[in-house]
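The values are calculated or read from the model by the stated rules, or taken from the named source; none is laboratory data. Predicted model only: the values in this text are computed from it and were never measured. Neighbour counts are summed over all protein chains in view; Cβ atoms, including those assigned to glycine, are modelled from backbone coordinates with ideal geometry. What goes into the accessible areas is simple: the full protein's heavy atoms, side chains included, and nothing from ligands, DNA or RNA. Shrake-Rupley method; radii C 1.70, N 1.55, O 1.52, S 1.80 Å.
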Amino acid sequence: MLWILVLLASMVILAACGGGAPQTGSDAEPPEHGEEKVITLGRSWEEKSWDPAALTMPDDIYLAPMIYENLVELNIDGSLSPELAEDWEVSEDGLTYTFNLRQGVKWHHDYGEFTSEDVKFSIERHGDPDVGSINLENIHLDNIESIDTPDDYTVVIKLKSIDVDFMTRLALYYGNMVSKAAYEDKGIDGMKLFPVGTGAYQYDKGTPGTKTEVVRFNDWWGEAAGNVDRIIAHIITDTNTMYSALENGEIDTFDSYDKDKTKEFISKGFTSDSVPYRQLLYVGLNMQLEPFDNPKVREAFFHAIDPDVFIKDLYYETETAAGSYIPAESKYGLKDHFQPSYDPEKAKQLLAEAGYADGLEVTLWSINDAISPAPATITQSQLQDAGFKCEMQLVEAGVFFDKVREGEAGMWLLYNDTPAIADHTMTRYTSVNYPGNNWCGIMDKEYDALVDAGMKASTEEEKAAKFADAQKRLMSLNVLYPVATYHFDHISNSRLTGHIICGDGIVRYHNAVLE
Amino acid sequence: MKRYILSRILFAIPTIIGVFILVFFIVRLIPGDPAVTMLGSNATNEQIERYREQHGHDKPIAVQFGIAFKNFLKGDMGQSLSWYRPVREVIFEKLPRTAELAFFGILFGTLAALLLGVTAAVHRGRWPDLLLTAFASLGMSLPTFYIGLWVLVIFAMKLKIIPVISSFGSGVSYWQSLFGPVLTMALGECALITRTTRSSMLEILNEDFIRTARSKGLSEKIVLYKHALGNALIPIVTVVGYSLATAFGGAIVLETVFARNGIGKLLIDGINVRDYPLIQGTTIVIAILMVLINIITDIIYGLVDPRIRVGENK
């Protein structure tokens with residue numbers, strides 16, 4: 001028996017001496033921070049890959065915007081500012097973009113100077129089959145005719161057809177600039193594990209699933225007014241552990257999705273910043289499935305929901321009614337179009353007219369996560385009051401997406417975020433996308449035509465007008481009920497100030513001050 | 001004995017292959033497409049199709065199985081869909097974290113349980129027995145995450161001797177990072193092993209050879225810990241072996257509560273994003289560990305009870 005214990009003990013001692021999970025990055029030793037100013041972030045998820053071609057959605061991204069930079073930066077109000085491009089010109093026909101790049105910008109980890117070749121490489125690699133970019137459509141690579149680099153600091157991009165949101169595409173995560181030299185040195189897989197950017201912080205080390213550390217980049221071209229030298233992001237998946245870690249001072253900040261917890265932490269002296277994320281809570285109906293193929297049933301449903309209850313009781317009036325399915329914070333969102341009319345008696349009358357005088361049995365699907373069960377329960381309760389016999393199915397995210405995508409769920413509740421460019425949210429409900437990500441089964445030629453016209457618009461005004469009409473048409477079909485806007489809260493220890501909330505739910509710390 | 005061990009190892013091979021086949025098909029029966037789960041609710045049909053092509057999920061299931069099985073026989077567990085790295089590499093990064101937790105949790109739990117179980121048996125029907133039986137019942141009925149939260153509240157929040165986040169570095173020692181999860185696991189396991197030790201000891205203490213040992217004038221300590229406990233070990237070893245084997249799979253809850261990055265959490269993360277190669281690889285590794293621990297438990301039977309070895313020889 002003794003030898004077995006000795007064997008197992010040796011294994012454990014080896015694990016302890018070896019530090020267990022090896023760290024990736026420049027330093028495998030436990031950190032010795034000395035006099036460094038360090039902030040620790042609590043995160044429930046992380047970038048599983050650092051390659052912008054493999055980043056899937058804004059939810060995945062948190063540290064990457066501190067490491068990578070783009071030609072232009074997206075501001076909180078949707079406007080654009082120069083970043084790695086100092087200025088740019090657009091030709092009269094709207095097809096040629098000429099960028100003048102910032103000179104003297106250094107890549108992290110001594111990979112040389114940022115040049116026009118890096119811009120060409122960063123965009124064109126999305127089309128490389130070996131890279132396998134999942135953001136090929138997002139960056140509209142097939143609409144790019146050519147990318148020319150007349151000198152090191154000039155880039156000329158020619159489009160095949162006008163894309164009024166082309167500049168915004170370049171400002172989003174799939175427009176991150178990556179180093180050609182680093183790519184040639186580290187290869188495709190190396191890019192996924194070790195990011196090389198030009199941002200205010202450079203990647204230092206990380207243990208996937210545990211923590212990632214970035215350090216101040218002293219050769220950054222910008223001006224960093226803050227004093228934070230190192231940022232450590234700890235992965236904590238249990239929310240109770242996250243709360244305890246914040247109270248215990250082990251983390252300085254985390255994002256709260258629970259309004260009750262936000263209130264609690266504010267009362268304890270923590271600070272809270274609401275982070276706009278173009279997100280809203282909505283209930284969707286599949287109009288190809290019974291009983292929601294009946295317009296009267298859908299209309300009854302729209303009279304059964306009272307958004308005020310959600311806003312007052314669930315969100316403590318920190319959220320507002322949604323004006324459309326595209327949030328108002330989004331470029332093409334309508335602010336006050338949707339005017340809900342809560343009338344449970346009218347709902348019952350409509351159900352009776354539809355042949356369901358004794359009530360209608362329906363199932364509400366949602367995700368069994370930290371934020372969905374409460375609004376799902378309120379929805380169920382309101383539907384019961386309006387003559388529906390509502391069963392609730394709370395399932396794991398993978399099951400949920402399968403059910404709605406395959407057209408097996410007639411009604412669902414979900415928090416949805418609209419990307420900075422609403423194109424995708426608008427086009428997903430066109431006829432060609434059913435079955436698939438047109439979860440509502442909308443087969444409406446008028447809507448299809450309006451979206452198509454918006455996508456082909458030659459000016460922003462024209463696109464906004466077409467998308468506005470398309471949204472009005474969509475809302476008239478009574479298939480997407482936008483219940484309320486939704487923001488998450490960035491809770492911080494009071495010793496941390498000066499961090500900046502940017503567009504796309506991103507928080508930047510280069511001006512942050514740690515007392 | 002060597003032949004016995006060899007036969008157990010040979011029997012383990014079809015077991016592991018069986019586990020692989022079962023896991024391969026079961027994970028594909030779970031609703032949820034890896035492409036949709038990985039790419040999110042806003043993914044377009046084109047993105048999803050391309051993702052499936054890139055990862056071979058568009059091929060018939062029999063072809064997918066053939067490729068995966070061939071690779072499995074070569075020791076290749078494939079590339080993780082969510083970690084973008086070979087599954088084997090990811091698993092062997094996380095395994096030591098769970099192994100140390102399981103080892104120390106079971107070790108300390110067992111040592112404490114032997115002491116408490118013997119004490120309860122010796123004081124049968126009196127207050128120490130009642131108290132320890134109540135403790136064991138409580139420990140077995142409380143969920144692990146609940147014990148874990150209390151350990152966090154007491155030792156991290158109130159006493160501040162351990163961190164809430166159990167990853168070492170940044171001023172946290174290796175032993176500090178282990179204390180919370182090990183204590184939680186030890187408390188849970190201690191309860192089960194205490195009950196087993198108590199009942200096994202009660203049976204042995206009524207045997208003739210114990211009376212003989214006492215009548216020969218041996219000290220009570222030698223009677224209890226050498227003669228009685230030595231002979232009561234068989235059921236205890238079974239329970240300890242079982243606990244150690246299940247600790248690898250059961251570490252999921254502890255690793256979540258203490259923000260610890262082990263194989264249990266890896267499996268859960270894999271299931272959440274439908275990372276098929278990762279689920280298969282992790283399950284196979286846990287199955288291999290269970291088989292190995294069972295073989296070791298069988299060997300220990302022979303060491304603690306010579307009659308078993310005699311039976312084998314015959």
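Some notes on this structure:
- Those helices (runs of 4 or more DSSP H) lying entirely in the range A:383-486 with at least 3 residues open to solvent by 30 Å² or more (accessible area, probe 1.4 Å) and within 14 Å of another protein chain (Cβ to nearest Cβ): A:397-405
- Of all residues in the range A:193-212, those that are more than 22 Å from the chain's Cα centre (by Cα) and either more than 22 Å from residue A:181 (Cβ to Cβ) or without any contact (Cβ under 8 Å) to a residue 24 or more places away in the chain (or both) total 1.
- Being within 14 Å of chain A (Cβ to nearest Cβ) and of a type in the set (Asp, Glu) is a condition met by no residue of the range B:220-229.
- Single residue of B:271, B:222, B:236, B:252 found to be within 28 Å of residue B:79 (Cα to Cα) and at pLDDT 85 or above: B:271
- Single match in A:62, A:68 (criterion: surrounded by 22 or more Cβ atoms within 10 Å (Cβ to Cβ), more than 9 Å from every other protein chain (Cβ to nearest Cβ) and modelled with pLDDT of 75 or more): A:68
- Restricting attention to the range A:405-432, the residues that are polar (S, T, N, Q) and at pLDDT 90 or above add up to 3.
- Single match in B:218, B:187, B:233 (criterion: touching a residue at least 40 places away in the same chain (Cβ under 8 Å) and over 21 Å from residue B:302 (Cβ atoms)): B:187
- Any hit, the range A:348-363, residues being within 33 Å of the chain's Cα centre (by Cα) and in the same structural domain as residue A:385 (by TED's automatic domain parsing): yes
- Only one of the listed residues (A:370, A:357, A:374) is at pLDDT below 95 and outside any loop (DSSP other than H, G, I, E, B). That residue is A:374.
- Reported count of residues in the range A:295-328, each being buried (at least 20 other Cβ atoms within 10 Å of the Cβ) and free of Cβ contacts under 8 Å to residues at least 12 places away in the same chain, is 0.
- So residue B:262, is it over 24 Å from residue A:245 (Cα atoms), within 22 Å of the chain's Cα centre (by Cα), crowded, with 19+ Cβ neighbours inside 10 Å and within 12 Å of chain A (Cβ to nearest Cβ): no
- Residue satisfying condition, being open to solvent by 30 Å² or more (accessible area, probe 1.4 Å), modelled with pLDDT of 90 or more and closer than 30 Å to residue A:87 by Cβ, within set A:224, A:171, A:200, A:181: A:181
- The numbered conditions (1) over 11 Å from the mean Cα position of the chain (by Cα); (2) within 11 Å of another protein chain (Cβ to nearest Cβ); (3) at negative phi are all true for residue B:241 except (1).
- Meets criteria (open to solvent by less than 50 Å² (accessible area, probe 1.4 Å), assigned by TED's automatic domain parsing to the domain that holds residue B:232, closer than 30 Å to residue A:44 by Cβ and in contact with a strand residue (DSSP E or B) (Cβ under 6 Å, 6 or more places away or on another chain)) for residue B:165: yes
- Filter result for residue A:277 (crowded, with 21+ Cβ neighbours inside 10 Å and within 20 Å of the chain's Cα centre (by Cα)): yes
- Of all the criteria given as (1) more than 30 Å from residue A:126 (Cβ to Cβ); (2) acidic (Asp, Glu); (3) assigned to a loop (DSSP other than H, G, I, E, B), the one not satisfied by residue A:273 is (3).
- Scanning the range A:115-122 turns up one or more residues that are modelled with pLDDT of 90 or more, buried (at least 19 other Cβ atoms within 10 Å of the Cβ) and touching a strand residue (DSSP E or B) at 6+ places or on another chain (Cβ under 6 Å).
- Filtered by the rule that a residue be farther than 24 Å from residue B:42 by Cβ and in contact with an Asp or Glu (Cβ under 9 Å, 6 or more places away or on another chain), the range A:311-347 gives A:311, A:316, A:318, A:340, A:342, A:344, A:346, A:347.
- Test: residue in the range A:230-237 that is under 19 Å from residue A:373 (Cβ atoms) and either open to solvent by 30 Å² or more (accessible area, probe 1.4 Å) or not in a helix (DSSP H, G or I) (or both): yes
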